Each structure stands twice: as structure tokens, then as C-alpha cells.
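Accompanying notes for the structure given below.
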Amino acid sequence: MKNFVVGLVLGICLPLLAAYLFVSLGGMPVATKGKPLPLERKLAHLALHRAIGAEAEKPSPLPADEPNLVAGAKVYQTHCAVCHGVLGRKESATAKGLFPHPPQLLPPRKGVTDDPVGETYWKVKNGIRLTGMPGYGESLSDSEMWQVSLLLLHADKLPDAAQAVLRGP
């Protein structure tokens, strides 16, 4: 019985000590150019999908009409473009320097046009920890968050007026 208890204590303490030493001796990649740890990407995706849950299927209360898509383009241009890209322009220096790399959301990339609009809304509202993606729940209105989510859902088939806003001055 004593050997079992000693084994149990060692089995718990040694991995914790190894993890502490790994971090405290500089083994943890903290620079944006560092590679992800084993399983890091898989665990992050799993946690994100569990957190979003049923919210992903939440429908937009706004129609995907031209006024809402143009308004969404204005929100995108102001708050999202520096990281997620602008129509017809190269990726920004800010986007290149982030880890994980932010997805480019406008054509010719696929972006999130195949994600449910509720999932995009959740990400805009809440942000995603440790990714550089801020939550806008306290700085944008619900309408603005839905408008930019609708814009991204329909990014591959936007009206000319929304495209003009996304190209910028």
C-alpha cells in the first residue's frame, strides 16, 4: 500500500515539476514565430467549439441586404481589416506578426463563408483568448456585430457598394 501511495504522489508531482521546469527554463515558445506545442492546436479548437456550442446555430436578426452588408463593411474596415485583410491589398505587417496567424477573411480566400453566422457573431462578440482576436461585445452594438458577421458570411458574393467600402480610399 505504501508503494502505491508513493507511486501515486510521484506520478502526480513529477509531471507538474517537469512542466514547471519546462516553462521556467524558457522551453515554452512565447514569441510569435514559435511553433505550437504538441496538441495545442487540437485542444484550442476543441475548447473553442465547445464554448461556442449551440450559439453557432443562432440566426441573424438582420437580413443580409445591401444596407446591412455596407454597414458591416464599414465596421470591418474600421475594426477588422488590419488583421484580417482588405480587398485587393497584401496582408498587413500586423497580420504577419500575429500568432496564431489571423485568417484572411475576404476573397480570394474562403474566409468564414461556410461558418454559421451565429458562430462568427460569437467570435466577434467574445473574442478568442490567446489569439489576438479581441471581443467587441462592449464596444460595438449588437447590430454592428451582426452586420459584420453577415458581411463575412457573404464575403464571396458582396454587392458593389460593400466591395467599394472594403477596398477603402
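Checked against the criterion of being closer than 23 Å to residue 47 by Cα and in contact with an Asp or Glu (Cβ under 7 Å, 6 or more places away or on another chain), the stretch 109-117 has at least one qualifying residue.
Would a scan of the stretch 142-151 turn up a residue that is surrounded by fewer than 16 Cβ atoms within 10 Å (Cβ to Cβ) and more than 18 Å from residue 83 (Cα to Cα)? For the stretch 142-151, residues surrounded by fewer than 16 Cβ atoms within 10 Å (Cβ to Cβ) and more than 18 Å from residue 83 (Cα to Cα): present. Look at the stretch 126-147: where a residue is charged (D, E, K, R) and a partner is in a helix (DSSP H, G or I), sitting 6+ places away or on another chain with Cβ atoms under 6 Å, you get 144/75.
Every test in (1) closer than 16 Å to residue 154 by Cβ; (2) surrounded by 15 or more Cβ atoms within 10 Å (Cβ to Cβ); (3) modelled with pLDDT of 90 or more is passed by residue 67 save one, and that test is (2).
The values are calculated or read from the model by the stated rules, or taken from the named source; none is laboratory data. None of these values were measured; they are calculated from a predicted model. No Cβ is skipped: glycine too gets one built from the backbone with ideal geometry, and neighbour counts run over all protein chains shown.
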